[in-house]
Amino acid sequence: MTVQLNNITVDDFHFSGGENDTRFQILRLDKIHPEISGNKWFKLRYYLQHAVKHKKKILTYGGAWSNHILATAAACRENKISCTAVIRGEEPANYSPVLLSAKENGMQLFFVTREEYSRQIIPEELSSEDLSIIPQGGYGTAGVKGAEEILDHCNKENFTHICCAAGTGTMAAGLINAALPGQKIFVISVLKNHSGLENDIGALVSNDQAEWKVFHQYHCGGYAKSTPDLLNFMKELYDRTAVPTDFVYTGKLCYAISRLQKAHAFPAGSRVLLIHSGGLMGNLSLSLSLPLS
Ligand SMILES: *Cc1c(COP(=O)(O)O)cnc(C)c1O
């Protein structure tokens, strides 16, 4: 496996206009692999292990722009696991970069209606196969188990706050489970009106001492939407810190944390860790002059 976990670093980080002595650092999970990026490797590893052990094929679910689909395709190829994805919506005339790379990695793609997708149908062609199913975004107990290992890649006792972006909330639940007593976990939802997120996270949380909070106001228009303000912020952040972010997840995370700092959400002396969960491929859908790694 060519996922390079020893490439992970904890980089110093700062936001312009931060005046108190809060210290920010960022855990660079984006450095481990160009396609099996960031949190996806952690969320997938136990699903893959199970499939290899029981010689099963993998079936998973996602949208045409899903980092999860791309990561699953690449990870299955490296582990020589046969994999299929059910993609939400009609087959597009022009494939997105995610779909192109997934196909190149040997993933079989089925396009289904939104209604079929919401029922998580299994394509008829596969009905006689022995399948190992990975839910959308790796949400589930195997996904959270892997995500609990993210904080093994830093000295977690150094931090008062741990902050991450959330789609399905699987990574957030893993961080919450791995948190030390007294640490606060701030979760930035990247979807608009994702009112079920707290419940979805809660269903995977086993650490009932943990203090965690979901912020719903930093979606910048909704999933995979952006605002000029967000894109300017990401550019300015990259120029100043050399940390690239993506506009779907990590850009919104950093934007939210800079806003929260300005709103004095972090007491003086806080030591804040941001999780760079990867996803830089997502910028291919924009003509952004940000690098991909
Ligand atoms: C998939 C993804 C997330 C969301 O992870 P969840 O566990 O679904 O909340 C966050 N950041 C990046 C970069 C991602 O690709």
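From the cross-link list K225/K252; K55/K80; K43/K184; K31/K55; K53/K80; K145/K184, which pairs have alpha carbons spaced over 18 Å apart? Don't jump to the answer; show the numbers that get you there.
Values: K225/K252 10 Å; K55/K80 10 Å; K43/K184 22 Å; K31/K55 30 Å; K53/K80 12 Å; K145/K184 20 Å.
Long pairs (Cα-Cα over 18 Å): K43/K184; K31/K55; K145/K184.
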Over 25 Å [Cα-Cα, the chain], rounded percent: 45
Ranking S206, S37 from most to least accessible area with a 1.4 Å probe gives S206, S37
Any idea of T168's accessible area? Nearest 10 Å², probe 1.4 Å. 30
Selection from G146, A102, I133 lying farthest towards where the dipole of region 56-201 points positive, charges on Cβ: G146
Rounding to the nearest 10 and keeping the result within 0 to 90°, find how far the Cα-based axis of helix 228-241 lies from the longest principal axis of the chain. 70
Partner aspartates and glutamates for K262 [C-alpha distance under 12 Å; skip if fewer than 8 residues away on the same chain]: E19
For a test of the definition: using alpha carbon positions, the gyration tensor, and the 1.5 limit on a/c, classify region 79-136 as rounded, prolate or oblate. oblate
Given the Cα-Cα distance of T141 and N199 and 0.36 nm per residue of separation, how much length would full extension add, in nm? 19.4 nm
Bridge type composition, the chain - antiparallel percent by DSSP, nearest 5: 10
Fully extended contour minus Cα-Cα distance, from K80 to Q209, at 0.36 nm per residue: 42.4 nm
For region 53-63, take each phi angle, set θ = phi - 60°, evaluate the Karplus expression 6.51 cos²θ - 1.76 cosθ + 1.60, and give the result in whole Hz per residue in order, putting x for glycine and proline. 4, 9, 6, 9, 8, 9, 10, 9, 10, x, x
Accessible-area order (highest first, 1.4 angstrom probe) of the listed residues H50, H216: H50, H216
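Okay, helix-only estimate at 222 nm for the chain: each DSSP H run of n ≥ 4 adds -39500 (n - 2.57), divide by all residues, round to 500 deg cm²/dmol; what do you get?
-9000 deg cm²/dmol
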Listed peptides 189-198, 263-272 by packing density, highest first (mean Cβ within 10 Å): 189-198, 263-272
Nearest 20 debye, what's the magnitude of the dipole of the chain about its Cα centre given +1 on Lys and Arg Cβ and -1 on Asp and Glu Cβ? 140
Note: region 182-282, point scatterers on Cα, Debye, no solvent; log10 I/I(0) at q = 0.17 Å⁻¹ equals -0.85
Run the dipole for region 121-271 about the Cα centre, Lys and Arg Cβ at +1, Asp and Glu Cβ at -1, nothing else charged, and hand back the magnitude in debye, nearest 20. 940
Please work out how much accessible surface K262 shows to a 1.4 Å probe, ignoring ligands, DNA and RNA, in Å² rounded to 10. 110
In nanometres, what is the gap between the two model label sites at Y223 and K56, each 7 Å from Cα along Cα-to-Cβ? 2.4
Which length gain, in nm to one decimal place, applies between N7 and D152 when the Cα-Cα distance is subtracted from 0.36 nm times their residue separation? 50.9 nm
Output for region 209-263 (equivalent-ellipsoid semi-axes, sqrt of 5λ from the C-alpha gyration tensor, Å, descending) is 20, 14, 10
Report L131's accessible area, 1.4 Å probe, all protein chains in place, as a number in Å² to the nearest 10. 30
Which of S258, Q120, A64 sits closest to the plus end of the dipole of the chain, meaning its Cα is farthest towards the positive end, when Lys and Arg get +1 and Asp and Glu get -1 on the C-beta? S258
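The values are calculated or read from the model by the stated rules, or taken from the named source; none is laboratory data. Please read these numbers as outputs of a predicted model, since none were measured by experiment. Heads up, the Cβs are rebuilt from the backbone with ideal geometry, glycines too, and the neighbour counts pull from every protein chain shown. Quick note on the areas: whole protein, heavy atoms, side chains included, nothing else; ligands and nucleic acids left out. Shrake-Rupley method; radii C 1.70, N 1.55, O 1.52, S 1.80 Å.
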